């Protein structure tokens, strides 16, 4: 299924202030892979994710999603394929009610009202948020906002799911539910997180980024048990492994 493939070829990106956030990034993710992206603050994780649906465009190099090379012309179609959950839910929630926020994407795809309602109901059910549907998003807790942001992306039924710090501000039960949800998503998913236990639990593969470069790429079980590699990149062993 080539439409689930994510490929970065020698991707570099420089912000307008001159900050070089990505430096020759190269990797390929195939259908069904669960990939964690880890690194210290400022390593380039969020910048990397925002290249997956054209929120940011490479300064040089290329990003390919499925059979489509990311360009300004293909960006709209690629955004149908790649759903991104941003680190800050307030960047995604802007409508009067939760229902409106989750319905926004499907409506823009041209779906009829009945189908949109089905999508919203199913997406909110997945994140245990049906009781939130009529509430204003700005009245929600941080954890509830994150659940709704995830639902707004899941309602689009993306081929590829990319998430930036999805477990931030979640209580233990909500975090467990999130992990269960991610395990049911059978397509390609890319998760950038400091929660290395979540990465170990959900992602079979792990990419380590430092100063905008890929410094390691392999099985999560090997990378996340390599104390030396993690410490070199200002990371620590997952909490579940620190007591062993």
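Here are some notes:
- Check on residue 126, modelled with pLDDT under 90, more than 18 Å from the chain's Cα centre (by Cα) and farther than 30 Å from residue 42 by Cα: no
- Answer from 91, 112 - the residue that is at pLDDT below 95, out of contact with any helix residue (DSSP H, G or I) (no Cβ under 8 Å at 6 or more places or on another chain) and either surrounded by 14 or more Cβ atoms within 10 Å (Cβ to Cβ) or closer than 14 Å to residue 149 by Cβ (or both): 91
- Residue among 147, 162 that alone is at pLDDT 85 or above and within 20 Å of residue 96 (Cβ to Cβ): 147
- Residue in the range 230-237 that is under 25 Å from residue 102 (Cβ atoms) and in contact (Cβ under 8 Å) with a residue 40 or more places away in the chain present: no
- Verdict on residue 97 being more than 24 Å from residue 169 (Cα to Cα), surrounded by fewer than 20 Cβ atoms within 10 Å (Cβ to Cβ) and touching a residue at least 40 places away in the same chain (Cβ under 8 Å): no
- Failed criterion for residue 104 (all others in (1) touching a helix residue (DSSP H, G or I) at 6+ places or on another chain (Cβ under 9 Å); (2) within 27 Å of residue 176 (Cβ to Cβ); (3) in a helix (DSSP H, G or I) hold): (2)
- Residues being surrounded by fewer than 22 Cβ atoms within 10 Å (Cβ to Cβ) and either touching a residue at least 12 places away in the same chain (Cβ under 8 Å) or assigned to a loop (DSSP other than H, G, I, E, B) (or both) - total across the range 122-131: 4
- The residue that is surrounded by the most Cβ atoms within 10 Å (Cβ to Cβ), counting only those in the range 70-88 that are farther than 16 Å from residue 48 by Cα and in contact with a strand residue (DSSP E or B) (Cβ under 6 Å, 6 or more places away or on another chain), is 81.
The values are calculated or read from the model by the stated rules, or taken from the named source; none is laboratory data. What you see is a predicted model; the values in this text were computed from it and never measured. A quick note on method: Cβ atoms are made from the backbone with ideal geometry, for glycine too, and the neighbour counts reach across all protein chains shown.
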